[in-house]
Amino acid sequence: MRKLGLIGGMSWVSTRRYYEHLNTIVQRRVSPRSSAPLLIESLDFDGLYRIADEDGWKRAADTLTASAKRLVGAGAEGLIVCANSMHRVYRELEDAVEVPIIHIADCVAARMQADGVTNAALIGTRNVMTEGFYRRRLIERGITLLPPDMDTVETVDRIIYEELMLGKATKNAERTLKSILTIKEKDGAYAIVLACTELEMIVDTDANVLPVYDSTRIHAEAAADWMLGDSDHAKLSESAAT
């Protein structure tokens with residue numbers, strides 16, 4: 001198996017979920033005694049919290065780039081970033097190291113394409129829902145996205161940062177997300193993209209009015225494919241770098 005480096009710590013919750021997903025997949029596909037060969041660097045999220053200006057993103061790029069270099073120096077043959085929002089600095093990371101970095105939005109788009117889904121609503125943090133760095137990856141692959149509704153943006157952003165990233169999953173948050181997903185169906189969405197690694201804490205991906213594409217699970221599955229030498233995903237990793 002190839003050794004994978006995880007840049008984690010945007011919240012410890014998402015890093016834990018990646019670790020669980022990757023090891024469960026490897027154990028299931030290789031042997032009951034197998035575990036994933038991982039190198040994990042968990043960053044201090046406090047310095048990367050709710051970035052709102054270009055200075056903040058420059059700081060984030062520097063922090064994640066340094067982490068990527070340390071992981072590669074320690075033997076990582078490929079990398080993933082355990083946060084949708086931090087893919088805003090993907091290009092900076094890509095320029096800094098010479099190993100593949102598996103882009104979370106490309107993995108989601110590939111899964112949706114395979115399923116024939118061409119219309120969806122994107123749910124995540126404010127910058128994921130409103131900026132182009134993530135949306136563009138889906139649109140370029142033929143997926144039409146509903147425009148962001150700012151009331152929904154503010155509500156979901158607050159739940160993510162003030163509750164989920166602290167490890168809190170409340171019934172009220174579950175009801176709120178269920179209502180939002182129902183509204184998105186009425187607005188014309190054929191599917192939902194959960195573009196925040198913590199949202200699976202309050203959204204049942206198997207029991208909703210619409211198909212739900214959980215970015216955390218899809219990203220972890222694609223990373224496991226890469227670790228195990230899946231040729232189709234190797235092609236995806238190469239295309240993500242172009």
Review point. Take the residues of the range 58-101 that are surrounded by fewer than 22 Cβ atoms within 10 Å (Cβ to Cβ) and part of a loop (DSSP other than H, G, I, E, B): which is nearest to the chain's Cα centre (by Cα)?
Key: PRO100
Practice item. Could you figure out which of (1) more than 23 Å from ILE202 (Cβ to Cβ); (2) among the charged types (D, E, K, R); (3) open to solvent by less than 70 Å² (accessible area, probe 1.4 Å) isn't true of ARG17? Key: (1)
**Study point:** So LYS184, is it basic (Lys, Arg), in contact (Cβ under 8 Å) with a residue 12 or more places away in the chain, in a helix (DSSP H, G or I) and open to solvent by 70 Å² or more (accessible area, probe 1.4 Å)
**Key:** no
Exercise for review: Starting from the range 48-60, take each residue that is of a type in the set (A, V, I, L, M) and list its partners that are assigned to a loop (DSSP other than H, G, I, E, B), counting only C-beta distances under 9 angstrom and pairs at least six apart or across chains.
Suggested key: LEU48/GLY9; LEU48/MET10; LEU48/ALA83; ALA60/ILE51
Point to revise | Every pair of residues 6+ apart whose Cβ atoms lie under 8 Å, when the first sits in the range 81-94 and is in contact (Cβ under 8 Å) with a residue 40 or more places away in the chain while the second is of a type in the set (Ser, Thr, Tyr) and assigned to a loop (DSSP other than H, G, I, E, B) | key: CYS82/THR197; ALA83/SER11; ALA83/THR197; ASN84/THR125; ASN84/THR197; SER85/THR125
Check your understanding: Of the conditions (1) without any contact (Cβ under 8 Å) to a residue 60 or more places away in the chain; (2) outside any loop (DSSP other than H, G, I, E, B), MET112 fails just one. Which one is it?
Key -> (1)
Practice item. Would you check if there is a residue in the range 37-51 being in a helix (DSSP H, G or I) and hydroxyl-bearing (Ser, Thr, Tyr)? Key: no
Review point. How many of the residues in the range 29-54 are under 17 Å from HIS219 (Cα atoms) and open to solvent by 30 Å² or more (accessible area, probe 1.4 Å)?
Key: 5
**Study point:** Index of the failed condition, ALA114 passing every other in (1) farther than 21 Å from LEU210 by Cα; (2) open to solvent by 20 Å² or more (accessible area, probe 1.4 Å); (3) of a type outside the set (Asp, Glu)
**Key:** (1)
Practice item. Starting from residues that are open to solvent by 10 Å² or more (accessible area, probe 1.4 Å) and within 23 Å of ASP225 (Cβ to Cβ), keep the ones in the range 117-138 and report whichever is farthest from the chain's Cα centre (by Cα). Key: VAL117
Exercise for review: Pairs only if they're at least six apart or on different chains, beta carbon under 6 angstrom, first in the range 11-39 and free of Cβ contacts under 8 Å to residues at least 12 places away in the same chain, second outside any helix (DSSP H, G or I); list them, first residue then second.
Suggested key: GLN27/SER34
Revision key, fill the gap. Pairing a residue in the range 145-167 that is more than 16 Å from SER11 (Cα to Cα) with any residue that is open to solvent by less than 20 Å² (accessible area, probe 1.4 Å) and of a type in the set (D, E, K, R), where Cβ atoms lie under 9 Å and the two sit 6 or more apart in sequence or on different chains, gives LEU146/LYS184; ASP149/LYS184; THR152/LYS184
Exercise for review: Out of ARG141, ARG175, report the one residue that is open to solvent by 30 Å² or more (accessible area, probe 1.4 Å), within 18 Å of SER215 (Cβ to Cβ) and charged (D, E, K, R).
Suggested key: ARG141
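The values are calculated or read from the model by the stated rules, or taken from the named source; none is laboratory data. Keep in mind that what you see is a predicted model, and the values were worked out from it rather than measured. Cβ coordinates were reconstructed from backbone atoms using ideal geometry, including for glycine residues, and neighbour counts include every protein chain displayed. Ligands, DNA and RNA are excluded from the accessible area calculation, which covers all protein heavy atoms including side chains. Shrake-Rupley method; radii C 1.70, N 1.55, O 1.52, S 1.80 Å.
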